[in-house]
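Peer 1: The structure is given below, and queries will be raised subsequently.
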Amino acid sequence: MIGYYISLALRSLRSTPILSALMVAAIAVGVGASMTVLTLNYMMSQNALEHKDDVLFAVQLDSWDVNKAYDNANEIPWQLTYKDAQALLRSDIPTHQVAMHRYGFTVELEDSAIRPYTADIRVTTRDFFSLFDVPFIYGGTWEKTADGSPMQVVVLSKATNEKLFSGENSVGKTVVLNSQPFTVIGVIDTWEPSPKIYDVNNSSFAEVESLFVPFGLHRKLEIYSWGNTNGWDSGEEGEGYEGFLQSESVWIQFWVELSDSEQKAGYESFLTAYIQGQKDQGRFERPLKFALSKPSEWLVLNEVLSDDNRVLGWVSLAFLLVCVINAVALLLAKFLRKAPEAGVRRALGASRNAIFTQHLIESSTIGILGGIAGILLAFMGISGIRYLAMGQLDTVARIDWVMVAAAIGLALIASLLAGLYPAWRISRTNPSIYLKTQ
Amino acid sequence: MLELQPMLSALWRNKVPALLISLQLALTLAIISNIVIIIQERIEKIGRPTGIAVEEIIAINVMAIPQDYDMIGAISADMDLLRKLPLVKDATVTNQVPLSQSGSAGTFYTQPNQKVGGENSNRYNTDPNFINTLGLKLVAGRNFTNTEMQYYDPSEIRDVNVAVITQQFAENIYPGQDPIGKPLYDGDSHPIEIIGVVERHLGAWVDWSKAGNVAFFPIARNTQDINYLVRAEPGKRDEVLKTLVEKLSERDPQRVIKTRILSEYVARSYAGDNLMVKVLSIVAATLSFIVALGIVGLTIFWINQRAKQIGVKRALGATRSNISRYFLVENSLIAVTGIALGSAAALIVNQYMVRDYSQPVLTLVPLSICALLVLVVSLTAALAPALRAANISPATATRSV
């Protein structure tokens, strides 16, 4: 019977090509628009650290100005001062801990034709790779001593290794960064967390840095952050680079891995004791406050999915709703026009159920066609968004198979919902009226 | 003359289709009126005067390769070189590129050692050529002189003595007063004298709530990388752009030099707003179109269904215009119901938009304009079918009764 209904549905669609095209187009546009926006929002809400969501924490300490709270959602600076980061690194409670920031170097090779270029660098402690589960192709991370004293070693991204050493094992070779020789000790595999969860306060959808260098280099190379540096106590900064390191400026991002609740409780009391100790020395004048945020909480706190994205999400869903109501109205018109046919079929013995099923199948046919066209529109919409964002959303504006399946599902549900009332209405047709007027 | 009573009872008999149209119109109005104010706000934001000759400026980022590079020496040599290039109007050195979303800010006070109640401002470290290079307009006081320039290491602390600020910043920090000669403090006891006021400069960040609060200081620091701005003669920007990297590298190959036109920075900074404007406009347009098509389809169906009644009416003496008018009035009744519902929905939705998503408040004027628009769309969509209905021949009434 289903096959027969499908052929009936196709015949019926062909008999009113304009009306059918209109309905397919309405569903397609609704699905296309909502899938474009929902895909974007879905990709922006991804949590690359989901598998470690219960053990990883971004650390914030309220070291800010006593006269004025920090201007963000939880009123604690996003980043730490250098001296607090150093003090926290001395704790042996966390399984892993990372202090880091963004930086840049010029990159060149000795005796090479490659033109010097500038590259984004991450200055970090050695645990970065184990804490964030970064896979290595060659070599590994640096010694713990490199986090405290200057050792010129570097870990390359896969793409950088391709560019400089055509992808071969480059461990032990030398890369020249700002005219200083650095020894390659590791190459990581492709790793593209998007949103860039570990650095959402600079740019959530930027690419991962191309080189990683140890945290012990600051004094030797006088490294300033290429990310945000926020200060409030401009008056009391000491002389020289050391003055900057000891200042109240916040510029270090800090993450810890705490494997269980006991460890977490231990770390919390460590932080409380640390802040108390600093209070005794006249720092941390605001009420004692710190925060340990899971990756999922961190994404929300940092508003990675912006208000604008949420507005677009609601607008597109409302748009789809209008398209569905529109389809209900048009299907109703179409079905009622064919009421005489249904009347004859009823008189010839078709049950109400049969009429209902037949018309529901007709509306799902419209839904499937609309869904397929909608996916094509969504692909166009996504490339439109990539174009309009000028490359700033390339890491998130992409469609995966989950979203393709979701689009078809959405179109089907939309059209079934749209077809429900009209199909019910036509199945209640009283055959006698139509038999009379034939 | 309006047959409202029979019209209402006819509508009541066809209440589901009528309701569906009303509902569509209501949703459309709720969506479009909220979209329109967002679009309007973003267009205004993108169109704000920047105070800068955006189309004539090229930004250059120079990053030294050697660790102990003499950037200060390089700045003077590069400035000499750039300012002498043909088709170049002027050049300046700066710690940040205007409108690039990346820069430096500080809090300034009117009293020494003041810690509370300051005013935030974007801060530039630049040289006296910034006014001419950026195309700013000095409205009071004077520019810096070359003798006021300070060159020093980034880790060094030096007191800066003079500043040029924007009119907006002046009005915020010294409301209703002449700012020239007044001091700025940055939290310590050293006064920085305001020596000049420029009319307008939007600053580094386009999304900042204090955008337009800007202070310029005569400073260049010995950093690893630095930015230059070059202003070309009108229309000659692209020609100048081609030669810059080569000329600068030729003078000193020990750097990595990157150039980008300022208008591209601006476009990138507004990309998010532009995306909102484009996407929402497309949504508003397609939405109106789809709703209009829906109304056309439904009115046609409706008229077909009532072809016999129309025929009877015509046979009983109704004129063609009576018939058309009937359907148009019916459509207006439906539309007005939808608009009433939609206006209420629009205002409710807007409350959430304002509260949760920091979007603009929907006022009566844009709401009424959108309501009128929805009414026009609805009537236009009904017009063709209504005119067609008038063509139904009275003879229809005699057939198959």
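Peer 1: Working only within the stretch B:339-366, note down all residues that are within 13 Å of chain A (Cβ to nearest Cβ), touching a helix residue (DSSP H, G or I) at 6+ places or on another chain (Cβ under 7 Å) and more than 21 Å from B:Leu25 (Cβ to Cβ).
Peer 2: Result: B:Tyr357, B:Ser358, B:Gln359, B:Pro360.
Peer 1: Continuing with this model, one more query. Tally up the residues in the stretch B:66-89 that are assigned to a helix (DSSP H, G or I), among the charged types (D, E, K, R) and touching a residue at least 12 places away in the same chain (Cβ under 8 Å), please.
Peer 2: Total meeting the criteria: 2.
Peer 1: Is at least one residue of the stretch A:314-337 within 27 Å of A:Asp199 (Cβ to Cβ) and not polar (S, T, N, Q)?
Peer 2: no
Peer 1: While we're on this one: Among the listed residues B:Lys247, B:Lys308, which satisfies the condition of being in contact (Cβ under 8 Å) with a residue 60 or more places away in the chain, within 30 Å of A:Met23 (Cα to Cα) and not in a strand (DSSP E or B)?
Peer 2: Sole residue among the options that is in contact (Cβ under 8 Å) with a residue 60 or more places away in the chain, within 30 Å of A:Met23 (Cα to Cα) and not in a strand (DSSP E or B): B:Lys308.
Peer 1: If you go through the stretch B:57-94 one residue at a time, how many are modelled with pLDDT under 95, under 30 Å from A:Trp232 (Cβ atoms) and surrounded by fewer than 19 Cβ atoms within 10 Å (Cβ to Cβ)?
Peer 2: Going through the stretch B:57-94 one residue at a time, the tally reaches 1.
Peer 1: Related question: Identify all residues within the stretch B:355-368 that are aliphatic (A, V, I, L, M) and exposed (fewer than 15 other Cβ atoms within 10 Å of the Cβ); write none if there are none.
Peer 2: Result: B:Val361, B:Leu364, B:Val365.
Peer 1: Given the options B:Ile310, B:Ile290, name the one that is under 25 Å from A:Leu330 (Cα atoms), over 39 Å from the mean Cα position of the chain (by Cα) and surrounded by 22 or more Cβ atoms within 10 Å (Cβ to Cβ).
Peer 2: From the options B:Ile310, B:Ile290, the qualifying one is B:Ile310.
Peer 1: Do you know which residues across the stretch B:146-168 are more than 30 Å from A:Tyr241 (Cβ to Cβ) and either in contact (Cβ under 8 Å) with a residue 60 or more places away in the chain or outside the structural domain of B:Phe216 (by TED's automatic domain parsing) (or both)?
Peer 2: So in the stretch B:146-168, the residues more than 30 Å from A:Tyr241 (Cβ to Cβ) come out as B:166-168.
Across the stretch B:146-168, the qualifying residue is only B:Thr166.
Peer 1: State whether the residues of the stretch A:414-432 include one that is part of a helix (DSSP H, G or I), under 31 Å from the mean Cα position of the chain (by Cα) and closer than 30 Å to A:Lys196 by Cα.
Peer 2: Scanning the stretch A:414-432 turns up no residue that is part of a helix (DSSP H, G or I), under 31 Å from the mean Cα position of the chain (by Cα) and closer than 30 Å to A:Lys196 by Cα.
Peer 1: Taking the condition buried (at least 16 other Cβ atoms within 10 Å of the Cβ), farther than 19 Å from B:Val197 by Cα, under 27 Å from the mean Cα position of the chain (by Cα) and in contact (Cβ under 8 Å) with a residue 60 or more places away in the chain, does B:Val97 pass?
Peer 2: yes
Peer 1: Here is a list of conditions, (1) under 30 Å from B:Leu11 (Cβ atoms); (2) among the aliphatic types (A, V, I, L, M); (3) within 10 Å of chain A (Cβ to nearest Cβ); (4) in contact with a Phe, Trp or Tyr (Cβ under 9 Å, 6 or more places away or on another chain), and B:Val256 meets all of them except one; can you say which number that is?
Peer 2: Going through the list (1) under 30 Å from B:Leu11 (Cβ atoms); (2) among the aliphatic types (A, V, I, L, M); (3) within 10 Å of chain A (Cβ to nearest Cβ); (4) in contact with a Phe, Trp or Tyr (Cβ under 9 Å, 6 or more places away or on another chain), B:Val256 breaks only (1).
Peer 1: Kindly evaluate B:Tyr109 against the criterion of being among the aromatic types (Phe, Trp, Tyr), within 12 Å of chain A (Cβ to nearest Cβ) and surrounded by fewer than 18 Cβ atoms within 10 Å (Cβ to Cβ).
Peer 2: So B:Tyr109 fails the test.
Peer 1: Still on this model: Report, by residue number, each residue of the stretch A:125-179 that is within 19 Å of A:Arg90 (Cβ to Cβ), of a type in the set (Lys, Arg) and surrounded by fewer than 21 Cβ atoms within 10 Å (Cβ to Cβ).
Peer 2: The one that is within 19 Å of A:Arg90 (Cβ to Cβ), of a type in the set (Lys, Arg) and surrounded by fewer than 21 Cβ atoms within 10 Å (Cβ to Cβ): A:Lys144.
Peer 1: Taking the options A:Ala87, A:Ala99, name whichever one is surrounded by fewer than 19 Cβ atoms within 10 Å (Cβ to Cβ), out of contact with any Gly (no Cβ under 8 Å at 6 or more places or on another chain), in the same structural domain as A:Leu292 (by TED's automatic domain parsing) and in contact (Cβ under 8 Å) with a residue 24 or more places away in the chain.
Peer 2: Result: A:Ala87 is the single residue among A:Ala87, A:Ala99 that is surrounded by fewer than 19 Cβ atoms within 10 Å (Cβ to Cβ), out of contact with any Gly (no Cβ under 8 Å at 6 or more places or on another chain), in the same structural domain as A:Leu292 (by TED's automatic domain parsing) and in contact (Cβ under 8 Å) with a residue 24 or more places away in the chain.
Peer 1: Tell me whether the stretch B:318-333 contains one or more residues that are part of a helix (DSSP H, G or I), in contact with a helix residue (DSSP H, G or I) (Cβ under 9 Å, 6 or more places away or on another chain) and of a type in the set (Val, Ile, Thr).
Peer 2: Within the stretch B:318-333, the first condition is being part of a helix (DSSP H, G or I), and the residues that meet it are B:320-333.
Now restrict to residues that are in contact with a helix residue (DSSP H, G or I) (Cβ under 9 Å, 6 or more places away or on another chain): B:320-333.
The next check asks that each one be of a type in the set (Val, Ile, Thr); those that pass are B:323, B:329.
The answer is yes, given that some residue of the stretch B:318-333 is part of a helix (DSSP H, G or I), in contact with a helix residue (DSSP H, G or I) (Cβ under 9 Å, 6 or more places away or on another chain) and of a type in the set (Val, Ile, Thr).
Peer 1: Still on this model: Taking the condition under 22 Å from B:Gln114 (Cβ atoms), crowded, with 20+ Cβ neighbours inside 10 Å and polar (S, T, N, Q), does B:Gln224 pass? Give the derivation first.
Peer 2: Numbers: under 22 Å from B:Gln114 (Cβ atoms): no; crowded, with 20+ Cβ neighbours inside 10 Å: yes; polar (S, T, N, Q): yes.
In short, no.
Peer 1: For B:Asn227, work out the one condition from (1) within 14 Å of chain A (Cβ to nearest Cβ); (2) farther than 21 Å from B:Asp90 by Cβ; (3) out of contact with any helix residue (DSSP H, G or I) (no Cβ under 6 Å at 6 or more places or on another chain) it doesn't fulfil.
Peer 2: Status for B:Asn227: all satisfied but (2).
The values are calculated or read from the model by the stated rules, or taken from the named source; none is laboratory data. From a predicted model like this one, the values you see are computed outputs, not experimental measurements. In this analysis, Cβ positions are derived from the backbone assuming ideal geometry, glycine residues included, and neighbour counts consider all displayed protein chains.
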